[in-house]
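Okay, so here's the structure we're looking at.
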Amino acid sequence: ARPADGGGGAPAGAGGCAPGARSAEAAGAQAAACTNLAVAVLGDSAAQGLHYLPTDANVLGISDMGVTPGGGGRSFPEIIEGARDGAVRALLIHDDNPLLNAPGSDDVRAALEAVEALVVIDSVRSTTAAHANVVLAELPFFAKDGTLTTGDRRITRQRPAAQPRRDERDGVAILIALANALAGDFAYESAGEVMAEAAASLEGYEPHEAVRSGRTRALSGAPASGASTQPLPAGADGAAADGLRLIADRSLYTSWEGASLRSEEADKLHREETLLINPADAEPLGVRSGDELVLANGSHEVRIAAQLDDGVPPGVVYASRYFDGGALMALFPLRGAADAAAAVQVRALQPA
């Protein structure tokens with residue numbers, strides 16, 4: 001990419017910023033660093049060339065719809081702490097598995113076991129669903145009808161490719177039935193009706209029949225055109241005081257559904273089942289590629305194979321957070337850390 005115009009007002013290149021979900025502070029620092037890189041490479045076209053990739057699919061769509069905690073609402077750690085301690089007595093979990101995605105596995109598991117009522121809506125019987133009082137079967141992704149808002153704010157049309165099986169129901173229908181049973185008054189009969197109402201009040205959104213999949217963009221007014229660098233906080237370079245810093249984040253090849261079930265086939269080609277460690281850190285530990293390692297934080301241990309990789313900074317090790325059904329999340333505190341990393345001790349079971 002060059003800081004020049006690519007024709008028709010488009011930038012000559014593009015870049016993506018994909019912050020993790022472990023720490024708001026770390027995500028902000030990463031966004032600032034990506035902004036500065038885009039400004040350096042693309043100049044005044046940076047605003048059109050830098051794309052934000054949300055932490056999960058359709059996060060931008062959810063945000064645009066105004067889904068946010070109301071008055072007296074709690075953050076995710078506050079919900080878990082409240083459920084664990086008895087202040088929150090019931091939980092409804094829709095299309096998620098906090099035992100796979102969230103840090104602080106012990107706290108999450110304690111919360112799921114402590115509530116009086118746990119209702120899970122999902123298309124798979126996940127490790128979280130195993131704790132539920134009631135599990136409601138939702139349609140799998142390929143059988144759903146609706147839209148997604150992508151990272152560059154394009155609306156893609158999702159059409160069902162399969163019919164419901166047994167007790168499977170559309171998520172919209174399940175949520176409406178639950179809401180109306182709790183004195184709600186909703187009469188939507190399809191995702192299309194929900195979208196039609198959203199389109200009437202949100203600029204850039206269109207009813208299903210007007211959406212040109214991948215071409216309609218959910219933009220309000222003219223896109224941003226300014227470009228300015230952002231201040232960066234001091235980094236946490238090097239190893240943690242008591243070992244190395246573990247980063248575990250989003251996965252590229254591992255199936256979310258498979259990992260949520262803790263299936264051995266979640267990564268069918270076994271491409272993300274190793275811990276990336278810099279050779280400079282591996283050598284004093286007697287670690288070779290393929291060796292089985294133990295990661296420990298004083299209360300938990302996780303075993304994982306080593307892969308030497310000089311693309312990982314010294315002092316840092318990296319693995320997919322989906323590894324072994326989210327086993328690494330037990331090494332992170334519930335409220336995370338400013339740099340989104342966990343301090344771990346690393347040792348080889350049979351050092352060289």
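The values are calculated or read from the model by the stated rules, or taken from the named source; none is laboratory data. What you see is a predicted model, and the numbers here were worked out from it, not measured in a lab. Cβ atoms come from the backbone with ideal geometry, glycine included; neighbour counts cover every protein chain shown.
Scoring LEU175 on the criteria (1) among the aliphatic types (A, V, I, L, M); (2) under 30 Å from SER45 (Cβ atoms); (3) in contact (Cβ under 8 Å) with a residue 60 or more places away in the chain leaves a single failure, condition (2). Within the stretch 57-70, is even one residue in the same structural domain as GLY204 (by TED's automatic domain parsing), of a type outside the set (A, V, I, L, M, F, W, C) and more than 26 Å from THR216 (Cα to Cα)? Yes, there is a match, as at least one residue in the stretch 57-70 is in the same structural domain as GLY204 (by TED's automatic domain parsing), of a type outside the set (A, V, I, L, M, F, W, C) and more than 26 Å from THR216 (Cα to Cα). When restricted to residues that are acidic (Asp, Glu) and under 17 Å from LEU60 (Cα atoms), the stretch 172-204 contains 1. Restricting attention to the stretch 120-135 and to residues that are among the hydrophobic types (A, V, I, L, M, F, W, C) and within 23 Å of VAL59 (Cβ to Cβ), the residue that is surrounded by the fewest Cβ atoms within 10 Å (Cβ to Cβ) turns out to be VAL124.
To keep it simple, each residue is scored yes or no on (1) without any contact (Cβ under 8 Å) to a residue 60 or more places away in the chain; (2) of a type in the set (Ser, Thr, Tyr); (3) surrounded by 14 or more Cβ atoms within 10 Å (Cβ to Cβ).
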{"residue": "VAL67", "(1), (2), (3)": "yes, no, no"}
{"residue": "ARG74", "(1), (2), (3)": "yes, no, yes"}
{"residue": "ASP85", "(1), (2), (3)": "yes, no, no"}
{"residue": "HIS94", "(1), (2), (3)": "no, no, yes"}
{"residue": "ASN97", "(1), (2), (3)": "no, no, yes"}
{"residue": "SER105", "(1), (2), (3)": "no, yes, yes"}
{"residue": "GLU116", "(1), (2), (3)": "yes, no, no"}
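In this structure, is VAL287 touching a residue at least 60 places away in the same chain (Cβ under 8 Å), over 17 Å from the mean Cα position of the chain (by Cα) and surrounded by 20 or more Cβ atoms within 10 Å (Cβ to Cβ)? Criteria met by VAL287.
Looking across the stretch 81-111, the residues that are assigned to a loop (DSSP other than H, G, I, E, B) and either β-branched (Val, Ile, Thr) or closer than 21 Å to ASP56 by Cα (or both) come down to VAL88, ASP95, ASP96, ASN97, ALA102, PRO103, GLY104. Just checking, does the stretch 59-68 include any residue being modelled with pLDDT under 80 and not in a helix (DSSP H, G or I)? No.
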